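Quick notes on the structure that follows.
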Amino acid sequence: MAWFRSRKKVAAPPGKLRRWLRVIGRGLGALLLFGVVVSVVGFCRAPAVAVIALPDSSSRVTEVTGLYPVTMDRVATPRTVREIASLVASSPGPISIGGGRYSMGGQTATPDGLQIDLRNFHGVVALDTAARIITVHSGTRWREVQQAIDPAGLSVKIMQTYNTFTVGGALSVNAHGRYIGQGPVARSVRAITLVLAEGRVVRASPTEHPELFYGAIGGYGALGVIADVTLDLASDVRVQRVDTTLAVADYLAYFRRRIQPDSNVIFHNSDIYPPAYETTHAVSYIRTDLPVTVPERMQPADQASWGHRLVYRVITSGTIGKWIRQHIIDPLMFRGHPVTWRNYEASYDVSELEPASRARSTYVLQEYFVPSDSLPVFVPRMREILRRHHVNAVNVSIRHANADPGTDLAWAPTEVFAFVLYYKQRTDGAARAEVGRWTRELIEAVIQSGGRYYLPYQPVATRDQFARAYPGSAVLFALKRQVDPTNKFTNTLWDIYEPGPDGRVPDVSAARMPAVLPGEVRIALDAIPGYEREEGAEFLTHPEWDLVYTSEAYARWLSAGRPPSDFPYVTSVGTFWRSYYATWRASRDRSPAGFGTHVMLGVIGISTAIEYGLKGLYETTVGRLAEANAPIDGTAEDRYAAKVATEYAQLINEKGWYEFSFAHALVHLWTDVPLFGPGMLRKWERRLWLSTEYGFKAVYATLIGLGTGAAYTPDELQRDIVVAGWSDSLAADTAPVQLRRVAWLDRRYALLRVPRYAAFRDALLGLSQAASRVRVAEVSGNDVVTITGTAPREWRAPPRATVVTAYAVPTDPTWMRVLLAVNARDLLDVLAEKTRGRLVVDHIYDY
Ligand SMILES: Cc1cc2nc3c(=O)[nH]c(=O)nc-3n(C[C@H](O)[C@H](O)[C@H](O)COP(=O)(O)OP(=O)(O)OC[C@H]3O[C@@H](n4cnc5c(N)ncnc54)[C@H](O)[C@@H]3O)c2cc1C
C-alpha cells in the first residue's frame, strides 16, 4: 500500500509533454517493429548454403574428457594377433595403440599417425578354473573377463574401480584398484605376448624376456602392442560394506590399526571431502559368510542415469553442493551394511559418471602416489594448493598399494597411498592453462614428498618433473631404442617426454609437432601478461564482420557506378542474422558468450535493419525516380558518395564505425562538390539525402563514441602465436614485415608477434606458403581459429576445416561467404589448400 500511496503523490507530466512522450514512444516502437520485420524478411532471403567437403580420410581420436582430440591419419581395428603383427610390420610409423581410450591426455594417439584400436581384439583365449588363471586378448574389457569367470566363482584379482577399461590399457598404465593387500596390476600378471616394431611376436614374463615384461607393463605402448595377457584370478566371495567418518589426520593410524592387518578386507578406500579437505569417509568391503542382500552377481553395463548426473552437478555447484553431499547425500547412500558379491562391487561402469555434455566443462581425474611416511607432509600441501586454486573437486579418494614387482615406470616403488582427485574444469584455453598451473604445483609437492604422479592423465608436467618422478624411464627409453630403433611406437605422452638418443628431447618440427605444448612452453607463456585471450567472443565477432563485408560490398557497388536503388539492402541485413544464428549455435555449448554480447549484437542488428530498411525504402522510391535524371556516369554527388563509402569501409576494417568522421564528410559534400552541374534534379536529391544521412550519423556516432570511449579500453593491436618449425629466414621469405619472433621457447617453439586484422591475415597467408615447414600451435592461448572468405558456390571445403556457416553473397549470389573453424595446427594447411580451392580469405580471426 505504501508504494501505491506514494505513487499518487508523484505529479503527472503536463498534458502536452505526455502527448509528446506518447508520440515519441510510438515512433520508436514503430521503428523497432520495422527493424524486426526487415530482419525476418532478410533472414529468409539469405538462406544457408550447404557446402560439400573434399574427401578426408583422417580420423579424429578423442578420449573421455574431450580435452585432447587428435587427428590421426588412420585408425585400424585388427581382430587377431596376426593382423596386429602385419599392421605393425607394414607401417613405417608413427603408431599409437588404443584400448578403451579412457586415459585423459592423448596417450592413445599421435597427430597424423596410425592408431591400432584394439577394441575388436577381444575374447578369452584360455581359462583354467582349477589353477585360477585366464588368458585373454588385450582388447578385452574387464566386464567380459568377469562374465567369463563369474560362473566359475572367480574374480579378477586386481583391476580398476570400473570394469569398462581394456585389459591391455590397464596393463599399459599398470592400473590399480581398491584392493587391500594388492597394488599395481603387474602383481597379477603371469605373462604377456608382445608385438614388437618389426612385427615379431615375443612372449614375456618375469622369467622370459623380463626386461620386455617390466618395460611393457606400465610402458604406455612404448615398446609394442601387448597382444595376449595371462592373469591370476581370485575367488568371488561375499563382501559386506562398512563405513566410518574420521579426520584426515587420523586416517593413517586408522588404516594401520583396522584395515591393513585384516585379511578379510577386500576393497577399501576413503573419500576426503572438499572444500575443507579435513574429513574423510572410509568405506570397506569385508569378506563375510552372511547371505547376500543384493542377489545380482554383477551390475548392469549401462549405469547412466539422471540421478547420478544430478548428484555430480549438485556436488560441483559450489560450497553448498559439497555440504549437501557430505551431510545429506552420502549419509543416505551409505545407509545399512549391504552384502554383495565381490564381482558385483567390481562391476561399476564409467557410464555412471558421464555428464549430459562435456562441451563447456568436463570431469577429470588426477592421481598422486605418496610413500606412507610422507602423508603428513603431502596432505597439508595438497590441501593448501587445492584450496588456493579453488579447485572444483568432487572428492580426493585415498587408496593403498603394496610395492610394485619391478616395472620400469613403477609408481609404487615402495608401499604407497594413492590420492585420486576427481574434479570438474572448464574446457576453454584459459581454464586448461590454469589447471596446468596447479597440477604442476601438486606434482612438485608429491615429488618433494618422495612420491610420483600418475601418467594416464593430462600431460602437463615439465620434463624435469617427469624425469624426477620416474627415474626408471631412462631404462625404458634405452630398451626402446634397442627394440624400436625407428621410434615407431609413440603417443602424446612420449611425443612430449621421450628424449632422443643423445638424451635430449629433440627440437620440435612442423611434421612431428606434438598434440600438446610442453609444460616448459606453458610456463613461459603464462609469464606473458595478456597472452591468453578468451575463446568465447571469437565466433560471435563474425556477425559484426559481416557488416564490414556489407559496407565493402556497398562501396564497391557505388564505385562501379551501379544504381543505389538496386543494392540488396534487406538481404544484406539477413546475412548479419544468418551469421549470428550460426555462430551462436556453434559456440553456445563450448564457450557461450555473455548476455552483454547478445544485447550488443541485438542492438547492432536491429539498428542496421532500421538503417538499411529505410535506405532501401528511400532508394527504391524517391532515389530511383531521381536516378532517371542522372547523367550516364552519375552526378558528382554520386561519385562523392562512393568515395565516402570506400573510406568508411576501409576504416571499419580496423576501427569502430563511430570513429568515422561523418561531420567531415558532410562539410566536404558542401565545400568540395560543385553545386551546379549535369543532372540537377539528381544532384540536389543526392545532396539533400546524403546531408540527411551524414548529419544523422554524425550525431549518432558522436553519442556512441562517447559511450564506447567511457565503457571500453582501447584494444591492443598485436597478437601472439606459437609456431613449430620456425626459422628467422622464413619471415623474409613469406611475410616480410608482419611477423616478428619475440622469443625462442622450449624445444625451439617460436613465439611470434603479429599485428591484428588485415596484417594478421596477410602474415598467415604468407606463412601458409611454407605450410610444409612451419605449423601453428596456438593463437593467443587458443587452439581453434576461424576464417571467413568468399568462394564460388561450387567450392568444396578443404579437409580438416569445419564449415560453421555459408550463405550467398547478396550482391553476387553465384558466390558464397563461408565461415570456417580450423584447429590451429591445421590452419596453414587449410590456408594453403584454399588457393587451389579459390577461397578468397577476408579475415582470419585473431581473438
Ligand atoms: C572414470 C575413470 C576411472 C578410472 N579409475 C581408475 C582406477 O581406479 N585405477 C587406475 O589405475 N586407473 C583408473 N583410471 C585410469 C585408467 O585406468 C587408465 O586410463 C586405463 O588405461 C584405461 O584403460 P583403457 O583401456 O581405456 O586404456 P587406453 O586409455 O586406451 O590406453 C592407455 C595407455 O595404454 C596403451 N595401451 C592400451 N592398450 C595397449 C596394448 N594392448 N598394448 C600396448 N599399449 C596399450 C595406450 O597406448 C595408452 O598409452 C580411470 C579412468 C577413468 C576415466
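The Cα-based radius of gyration of the range 81-199, divided by its Kirkwood radius, gives an Rg/Rh of 0.98. Specify the inter-centroid distance of the range 529-557 and the range 625-690, based on alpha-carbon positions, in whole Å. Answer, in whole Å: 26.
Helices in the chain that qualify as membrane-span-like (whole DSSP H runs, Cα extent of at least 20 Å along the helix axis, mean Kyte-Doolittle hydropathy of 0.5 or higher) are 15-45, 595-618.
Rounded to the nearest 500, the helix-only mean residue ellipticity at 222 nm of the chain stands at -12000 deg cm²/dmol, with each DSSP H run of n ≥ 4 adding -39,500 (n - 2.57). Computed from the Cβ-Cβ distance with R0 of 25 Å, the FRET efficiency linking residue 208 to residue 478 stands at 0.80. Spin-label model, residue 306 to residue 293: label points 7 Å out along the Cα-to-beta-carbon direction sit 2.8 nm apart. Net length available on complete extension from residue 59 to residue 278 is 74.3 nm, with 0.36 nm assigned per residue and the Cα-Cα distance removed. Ranked by the mean number of other Cβ atoms within 10 Å per residue, highest first, peptides 576-585, 158-167 order as 158-167, 576-585. Taking all protein chains together and a 1.4 Å probe, the residues 344, 277 rank 344, 277 from largest to smallest accessible area. The convex hull drawn around the Cα atoms of the chain, when projected onto a plane and averaged over every direction, covers 45.0 nm².
Quick one: with all protein chains in place, what share of the accessible area of the chain is carbon or sulfur, to the nearest percent (1.4 Å probe)? Carbon with sulfur: 58 percent of the solvent-accessible area. Applying 0.36 nm per residue to the separation of residue 52 and residue 812 and subtracting their alpha-carbon distance, the gain on full extension is 271.6 nm.
Taken along the Cα-to-beta-carbon direction at a fixed 7 Å, the label points for residue 337 and residue 595 span 5.3 nm.
More than 16 angstrom separation, counting every C-alpha pair in the range 178-298; what % is that? Tail of P(r) above 16 Å: 70 percent of Cα pairs.
Distance between the modelled labels on residue 415 and residue 232, one decimal in nanometres: 1.8 nm (7 Å Cα→Cβ projection). Excluding same-chain neighbours fewer than eight residues apart, the lysines reachable from residue 16 by a Cα-Cα span under 27 Å are 8.
Normalising the average separation of contacting C-alpha pairs (under 8 angstrom, six or more residues apart) by the number of residues puts the relative contact order of the chain at 13 percent.
Based on Cα atoms of the range 475-545, Rg over Rh with Rh as the Kirkwood radius reads 1.18. Report the percentage of all Cα-Cα pairs in the range 714-808 whose separation exceeds 21 Å, rounded to a whole percent. Summing the P(r) tail past 21 Å for the range 714-808 gives 37 percent. Distance from the Cα centroid of the range 563-603 to that of the range 258-331 is 48 Å (rounded to whole angstrom). Binning all Cα-Cα separations of the range 1-157 at 5 Å, short to long from zero, yields these whole-percent fractions: 2, 7, 9, 9, 8, 8, 6, 5, 4, 4, 4, 4, 5, 5, 5, 5, 4, 3, 1, 0, 0. The order of the peptides 263-269, 447-453 by mean Cβ neighbours within 10 Å, most packed first, is 447-453, 263-269.
With 20 Å as the limit on Cα-Cα distance, the pairs of 157/480; 615/643; 655/683; 615/683; 157/424 that go past it are 157/480; 655/683; 157/424.
Around residue 555, what is the net charge, scoring Lys/Arg as +1 and Asp/Glu as -1 over all other residues with Cβ under 10 Å from its Cβ? Result for the neighbourhood of residue 555: 0. In this structure the range 307-384 gives 47 Å² per residue of accessible area when probed at 1.4 Å with all protein chains present. If you look at the Cα atoms of the range 255-301, you get an Rg and a Dmax of 14.4, 39 Å. Computed over the range 350-391, the percent of Cα pairs more than 15 Å apart is 61.
The values are calculated or read from the model by the stated rules, or taken from the named source; none is laboratory data. Only a predicted model underlies this, so the values are computations on that prediction, with no experimental measurement involved. Neighbour counts run over all protein chains shown; Cβ positions are idealised from the backbone, glycine included. Accessible surface is based on the protein model in full, side chains and every heavy atom, while ligands, DNA and RNA are left aside. Shrake-Rupley method; radii C 1.70, N 1.55, O 1.52, S 1.80 Å.
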